[in-house]
Amino acid sequence: MIDHQLSPGLRSLYRLVLRASSASVLHARPATPRLRVTWRPTFEMAAQMAQKVQHPSPTEGGTRAAAQAQEWLNEWENRMDNTLSLLYSSAISRGLPHKLTRNLHTLSKCRKDWVNLTYDRPAAPWRPTGEPVRINLKNAQKSKGESGELAWNMVGEVVRMAEGRDQLMLGRAPPRRRKTYRNLD
């Protein structure tokens, strides 16, 4: 039986990053959960890589994949060390590191609001009077969504450049999950 437990080091690092990010935004209620959501995809990827290292497949490609995953994990741990020092600086001073974490929260909030407006917008109210409007909504929403995605991709590119220059990890935007509505019938 394969043990799918995460290593204690990875779990403690995740908890430490969550506590440090909460302290860096002064335990503000709206900022703390949003930063947690921002860090989660990064740690999910690290957990997948740790599983590849702990349980390599028995084939030739499996050992090579495990070695590549170990190399990725070593680089990731170095980046997380630098990130923790940034979060520590942000927690004890109100300078540039604090502004960075505050802006990271704001960026995450704006992206969530944009996703909600673009994809999860409620339908227009029904109007029984008046002429029906003939607009191809699929094409209009598609072009609006594509321009917004392009803008967010550019912001993501800037964040990745900053991460590469300073060897940091600033988190990732979580994948969009569709809202599901219960049938109340």
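Please treat every number below as a calculation from the coordinates, not as lab data. In this text the structure is predicted, and so the values were computed from the model without any measurement. Here the Cβ positions follow ideal geometry from the backbone for every residue, glycine too, while neighbour counts run over all protein chains shown.
Start at zero, step by 10 Å, and the Cα-Cα distances of segment 1-115 spread as 13, 38, 28, 16, 5, 0 percent across the bins.
With unit charges on the beta carbons (Lys and Arg positive, Asp and Glu negative) and the dipole taken about the Cα centre of segment 1-118, which residue among Val53, Trp114, Asn82 sits farthest to the positive side? Positive-most Cα among the choices belongs to Trp114.
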